[in-house]
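The values are calculated or read from the model by the stated rules, or taken from the named source; none is laboratory data. Note that the coordinates shown come from a computational prediction; the quantities given were computed from them, not determined experimentally. Using ideal geometry, Cβ is built from the backbone for each residue, glycine included, and neighbour counts are taken over all protein chains shown.
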Amino acid sequence: MNTSTSSSSVTPAAQALPRIAVLATGGTIAGSAADVTSTSGYQAGVVGVERLLEAVPALSGVARIQPEQIASGDSKDMALALWTTLAQRVNTLLASDEIDGIVITHGTDTLEETAYLLHLTVKGTKPVVLTAAMRPASALSADGPLNLLNAVTVAASAAAHGQGVLVAFNNRIHCARDVVKTSTYAVDAFQSVEVGALGWVQDGRVEFQRKVVRPHTVDTEFVIGSQWPNVEIVTSYAGASRIGVDALVAAGVRGIVVAGTGNGSIHASLQQALADAVKQGVVVVRSSRVGSGHVMRNGAAPDDALGFITAGALNPYKARVLLMLALAAGGTGAVALQKIFDTY
Ligand code: SIN
C-alpha cells in the first residue's frame, strides 16, 4: 500500500480526509528482533516509516499520510541537535496549508522529554501527536500499529486543535507536560500520574475529558534554536556527596536540576555544594525523584535563602528541558526563573 497518495490518484472521499504528516524518528515502534517472541532483545529504529505505515492499512480511511524519516535511532541517544531539527521541521509543517496535523513516532525512553520540548516551542494550533511502542514491530502482539492508528486518528480530529502537543499511547491521550513513562515493559507504560489523561481514543472515536490550562505552543516565550545551555541533573540519596556538583561547576554548567528525595529534600552535603554553586552563578532547580506529587517552594529547603528554584510537578527530566529553554531565552535571576517554572 502506498499511503503517501498524490491527489490525482485518490478518490473524492479520500481527498476530503485530513492530511497528516508522519515523522519517524526510530524507537521500539520501528524495532525488529530475529524472534517474534522477543520483546527485549531487538534493535530499535531499524524499520522505515513506509513499512510502519504499510502495517496499518486502516490508516487510508482516516487520513492522507505524508511520511518522512527524520531519524532512525534509539531515543536513549536523543541528541540536542536532533531536537532542533525535529522542532524546526514541525514548525515548517505547521505553517503549511498542505498539512492538517502531525504525528511523530518516537522511542519511549525519552519521549516525555521530546514531547514537553515541542509543547513549549512549536508554533501552531494544529494537532501534534507523539506515539511509540513497547514491543518491536516484529513482535507477536506488537502495540505499535494500533498506537500509530490512534495517533493519526487524534491528529486528524478537530477536538485536538489548540491542545498543545499530545501523546497518544495505549488508547489514552496525554498532555506532553504531564505524561511520564512508568514501566520498563508493560504496554500501558505511559501515565499522567498526578492529573490523569486528557482523554481517550478508541475505534476511531476521540474524546477529551478536560482542557490543557497552562500556556503552550503559540502562547510561550520560547523559540527553538540551536544553542543549548548546559544543564545537568544530579540525584540526592543516602550518603550523597558534593563530588558530582563540584565537578559540574568546574566544567562550567549553566544549570543543575537536583532530583531530591521526597518533597525535593537534599542531603546536607549535596545541598551545601548546590548552595555554593548558586554563588558561582549556576541556576539550581529542586525537583523530586519520587515520581508523583510536586515540590513546594521553601518546603524541604530554604529556597529563598539559598537561591534555589522549585520545579513544582515537573520531574527532573522535564525541569531540565524548561531550564534549558529559559536560559536560552535569556532568563536570569531566581524570581524571574521561578515565575517561568510556575507558569509552564
Ligand atoms: C527507544 O526509546 O528508542 C527504545 C525504547 C522504546 O522505544 O521503547
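Tell me, yes or no, whether the stretch 77-100 has at least one residue that is within 15 Å of the ligand (Cβ to nearest atom) and touching a Gly at 6+ places or on another chain (Cβ under 6 Å).
Initial filter on the stretch 77-100 (within 15 Å of the ligand (Cβ to nearest atom)): 77-79, 82-83, 86.
Narrowing the set further to residues that are touching a Gly at 6+ places or on another chain (Cβ under 6 Å) leaves none.
The answer is no, given that none of the residues of the stretch 77-100 is within 15 Å of the ligand (Cβ to nearest atom) and touching a Gly at 6+ places or on another chain (Cβ under 6 Å).
Considering only residues of the stretch 225-259 that are surrounded by fewer than 21 Cβ atoms within 10 Å (Cβ to Cβ) and touching a Pro at 6+ places or on another chain (Cβ under 7 Å), which is nearest to Ala79 (Cα to Cα)?
The residue in question is Ile233.
Go through (1) in contact with a Ser or Thr (Cβ under 7 Å, 6 or more places away or on another chain); (2) part of a loop (DSSP other than H, G, I, E, B) one by one and return the number of the condition Ala151 breaks.
Failed condition: (2).
Would you check if Asp35 is outside the structural domain of Leu314 (by TED's automatic domain parsing), more than 15 Å from the ligand (Cβ to nearest atom) and of a type outside the set (Lys, Arg)? Talk me through it step by step, then tell me what you get.
Working: outside the structural domain of Leu314 (by TED's automatic domain parsing): yes; more than 15 Å from the ligand (Cβ to nearest atom): yes; of a type outside the set (Lys, Arg): yes.
Spelling it out, Asp35 is indeed outside the structural domain of Leu314 (by TED's automatic domain parsing), more than 15 Å from the ligand (Cβ to nearest atom) and of a type outside the set (Lys, Arg).
Are any residues in the stretch 110-142 in a loop (DSSP other than H, G, I, E, B) and either of a type in the set (A, V, I, L, M, F, W, C) or at pLDDT below 95 (or both), and if so, which ones? First the steps, then the outcome.
Filtering the stretch 110-142 for residues in a loop (DSSP other than H, G, I, E, B) gives 110, 122-127, 132-142.
Passing the criteria: Val122, Ala132, Ala133, Met134, Ala137, Ala139, Leu140, Ala142.
Any residue that is charged (D, E, K, R) and under 22 Å from Leu322 (Cβ atoms) - is there at least one of those in the stretch 179-196? Talk me through it step by step, then tell me what you get.
Our first condition is that a residue be charged (D, E, K, R); within the stretch 179-196, this holds for 181, 188, 194.
Narrowing further to those that are under 22 Å from Leu322 (Cβ atoms): 181, 194.
Yes, the stretch 179-196 contains at least one residue that is charged (D, E, K, R) and under 22 Å from Leu322 (Cβ atoms).
Which pairs do you get when a residue that is in the same structural domain as Lys123 (by TED's automatic domain parsing) and more than 11 Å from Thr131 (Cβ to Cβ), found in the stretch 149-173, comes within reach of a residue that is part of a loop (DSSP other than H, G, I, E, B) and among the charged types (D, E, K, R), reach meaning Cβ atoms under 8 angstrom, with the pair 6+ apart or on two chains?
Ala156/Asp100; His161/Lys126; Gln163/Lys211; Gly164/Arg177
Do we find that Tyr237 is touching a residue at least 24 places away in the same chain (Cβ under 8 Å), in the same structural domain as Leu120 (by TED's automatic domain parsing), in a loop (DSSP other than H, G, I, E, B) and of a type in the set (Phe, Trp, Tyr) in this structure? Don't jump to the end; show me each part of the working.
Numbers: touching a residue at least 24 places away in the same chain (Cβ under 8 Å): yes; in the same structural domain as Leu120 (by TED's automatic domain parsing): no; in a loop (DSSP other than H, G, I, E, B): yes; of a type in the set (Phe, Trp, Tyr): yes.
No.
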